[in-house]
Amino acid sequence: MENDATIELIKSTLDKIRPFMQREGGDVTFDSFEDGIVYVNISGACEGCSLLNDDLEQGVEVILMEEVPGVVAVRLASQKEEVKKALEEVRKMEPVK
């Protein structure tokens, strides 16, 4: 399920991104990697920031998708259960092969 080499590459890529977030008073840390989705925790000034989704989607997500094969999205760890439920619903709708 989780590939240790992929997780290490995700963590090392996040370590390259973190200084940019920290300069703005925030931080991003790895939580988990499941079904191609990287879950991260956001802290500091980034929590509750109106630009958080933009930073995640146009910054962190784009970089991780370019640098790490198999990454298809980045979401907040707090959204994990919500994302899992949505994936289950999509899988139920897929035609049986």
Completion exercise
Taking the chain and counting helices only, DSSP H stretches of n ≥ 4 at -39,500 (n - 2.57) each over all residues, the nearest-500 ellipticity at 222 nm comes to -14000 deg cm²/dmol
Practice task
Please give the per residue accessible area of the chain, computed with a probe of 1.4 Å over protein heavy atoms only, in Å².
Solution key: 66
Handout entry: Percent RCO, i.e. relative contact order, over region 1-83, from Cα pairs under 8 Å lying at least 6 residues apart
Key = 30
Practice task
Can you check what the net charge comes to around residue 42, using other residues whose Cβ is under 12 Å from the Cβ of residue 42 (Lys, Arg +1; Asp, Glu -1)?
Solution key: -3
Exercise for the section: Determine which lysines satisfy two conditions relative to residue 92: a Cα distance under 29 Å, and not lying fewer than 8 residues away in the same chain. Expected result: 80, 84
Handout entry: Size of charge dipole - region 8-97 - debye, nearest 20, with Cβ of Lys, Arg +1 and Asp, Glu -1, no other charges
Key = 200
Practice task
Could you list the square roots of 5 times each eigenvalue of the Cα gyration tensor of region 1-80, that is, the equivalent ellipsoid semi-axes, sorted largest first and rounded to whole Å?
Solution key: 20, 13, 11
Handout entry: Selection from 12, 90, 62 lying farthest towards where the dipole of the chain points positive, charges on Cβ
Key = 90
Problem - GNM result for the chain, Cα springs below 10 Å: residue of 77, 45, 86 fluctuating most strongly - result: 86
Handout entry: Formal net charge of residues neighbouring residue 81 (Cβ-Cβ distance under 14 Å; K, R +1; D, E -1)
Key = -2
Handout entry: the chain - percent of accessible surface contributed by carbon and sulfur, probe 1.4 Å
Key = 50
Handout entry: 14 Å beta-carbon shell around residue 27, net charge (K/R +1, D/E -1)
Key = -1
Completion exercise
Tilt, helix 4-23 to longest principal axis of the chain (alpha-carbon atoms), in degrees rounded to tens, equals 40
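The values are calculated or read from the model by the stated rules, or taken from the named source; none is laboratory data. The structure presented is a predicted model; accordingly, all values stated were derived computationally and were not measured. All Cβ positions, glycine included, derive from the backbone under ideal geometry; neighbour counts span all protein chains shown. The protein model used for the area step is the full one, side chains on, heavy atoms only, and it has no ligands, DNA or RNA in it. Shrake-Rupley method; radii C 1.70, N 1.55, O 1.52, S 1.80 Å.
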